1. Multiplying the sequence separation of Phe127 and Thr430 by 0.36 nm and subtracting their Cα-Cα distance, what value in nm do you get?
2. Long-range amide H contacts for Phe436: which residues qualify at under 5 Å (H placed 1.01 Å from N, peptide plane, sequence gap of 5 or more or a different chain)?
3. Which ³J(HN,Hα) values in Hz, rounded to whole numbers, follow from the phi angles of segment 429-444 under the Karplus curve 6.51 cos²θ - 1.76 cosθ + 1.60, where θ = phi - 60° and Gly and Pro get x?
4. For segment 31-87, which trypsin sites (Lys or Arg not before Pro) are in a loop by DSSP, counting at most 12 other Cβ atoms within 10 Å?
5. In whole Hz, what ³J(HN,Hα) sequence does segment 390-398 give by Karplus (6.51, -1.76, 1.60; θ = phi - 60°), x for Gly and Pro?
6. So if R0 is 25 Å, what FRET efficiency would Gln389 and Thr355 give, r being the distance between their Cβ atoms, rounded to the nearest 0.05?
7. Take the cross-link list Lys380/Lys429; Lys80/Lys116; Lys380/Lys423; Lys255/Lys346; Lys122/Lys182 and give me the ones stretching past 27 Å between alpha-carbons.
8. How many angstrom separate the Cα center of segment 125-196 from the Cα center of segment 399-416?
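Values in this text are rule-based calculations from the coordinates and carry no lab data. Remember, predicted model here, so these are calculated numbers, not experimental data. As a convention, Cβ positions derive from the backbone with ideal geometry for all residues, glycine included, and neighbour counts pool all protein chains shown.
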Amino acid sequence: MKKCCLIIPVLALLTGCATKQMKSTPFYSGSDVTYVGKPEDRVNLWPLAYWREPVGSILWPMVSFSDDHFAFRPIYSQYKQDGKDGKFDEFNFLWPICQLDYKNYDYHFFPFSWGKDEYGDKHHSLFPLWYWNDDGNTFLSPLYCQLNRGWCIPPLLSWGGTNADGNTSHYYLLGFSGWESKDRDLTSSYLFPLYGWVRGHKFITPLFSRFVDKDGTDYKFALALAGFSTGQDRNEWLFPIWFHDRDKFFPEATKILDEKQMPKNFDNLTEIRTNYAFVSTNDTEESIVAVPERTTRFRKQNNSNLLLLLCVWYDSVYGDFANNDTNRYQITRSTTRGNLFLSFYKSKRTVEFDTTTRLKTSDQEEDNFGVLLDIPYCYKRETDRIAGQYYSRHRILFWLWDREEKDGDVSLDAFPGFTYDSKANGYVKTSFLWRFFRYERDPEKGVSADFLFIPIWRP
């Protein structure tokens, strides 16, 4: 009892001085109290006693009273929820065990509760045995539940019901079997772990399975380890050994990369791609329909992987408007070969055409080759055929051998301490251990040389 008397005032102070629990104290800051008489006539012995008509308290918060409430906590309290001019419509006995709220039609005497919700629907419950609400005939219990058009038996992991249209029903029993139907026509069923089936879309068994994706791709596989697919995307796999993915490849599209302008038959290369859509009625998927459409985008690829050896063989060509600009059409070809850890080659070439003039406006290519994570040897090349720019770099054991070339200018470093530089204008410089030996030939300044850090020749 002493602990309760300490907790209640602390909570009231923390929640603010305008709450109804603070109304019978000198700290109340609300505006719904009209005091009678002079302020100097008040009696303030709070928390032992307090009186300022019409509010007061004795041993607050145990006993408090005002023109809209009376409380003898924690045994009994009553409130006028509509203010002093209203009537007492909330009563509490040993709160929160028992409460009767006649204004909001909310009543409970733990573990019972009954009343109406904000929509006027009746409800009652016996915690934790059941809860019932006449909105949709909702009934909840540990053994049986009913919600709108559905039911559930939690201990048996079973449930079922119908959709709002009343034509589609579904049932699931014991957690490992179930079925759905529409207009009394079966649309899907499963019995774990033997099979699963959705009409027109899926058929799954431990030995053989089939999926039809939304884009029309048809997947078939055995034991989830080996299989193939047909449709817009075609692939085969044997896990964990091999995987191959291919799309209809356009040999003609790769030839455009070397053309100076868009060929006249370019429009023929914009594929007529078949999109697949689910035809549905009342939100229920039924069948797949092919919808052909011409698009300026195309993506063709050929991809093979030896999974255990981490090897990949990949080719793709992709065409689309650059940054959604209809005046710029961009074609990108990507090639990948090898193993990331042993030997790896990657190439990318991007060509761009002006759709108005049909002329090629950009042609850039990048190649990368490396051995054993680029440690023994790596090679990189970048080319801009339109701008006439070229860059390449070779490295052996990082700095054991590093050769870099850009637009005819060559720079070479070889361990230990050897350097060589040449430029397209005829400039040449060779050195060993800086000026232990150095030879430099400048077309404008002439020849200079050093040996044993001593200048032996100057122009």
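1. Between Phe127 and Thr430, full extension yields 99.9 nm more.
2. Amide H to amide H, under 5 Å and 5 or more residues apart or across chains, Phe436 pairs with Phe453.
3. Karplus values, whole Hz, x for Gly and Pro: 9, 10, 8, 9, 6, 6, 10, 4, 8, 8, 10, 9, 10, 10, x, 9.
4. When the trypsin sites (Lys or Arg not before Pro) of segment 31-87 are filtered for loop state and at most 12 Cβ neighbours within 10 Å, Lys87 remain.
5. In residue order, the calculated couplings are 9, 9, 8, 8, 10, 9, 10, 6, 6 Hz.
6. 0.50
7. Lys122/Lys182
8. 73
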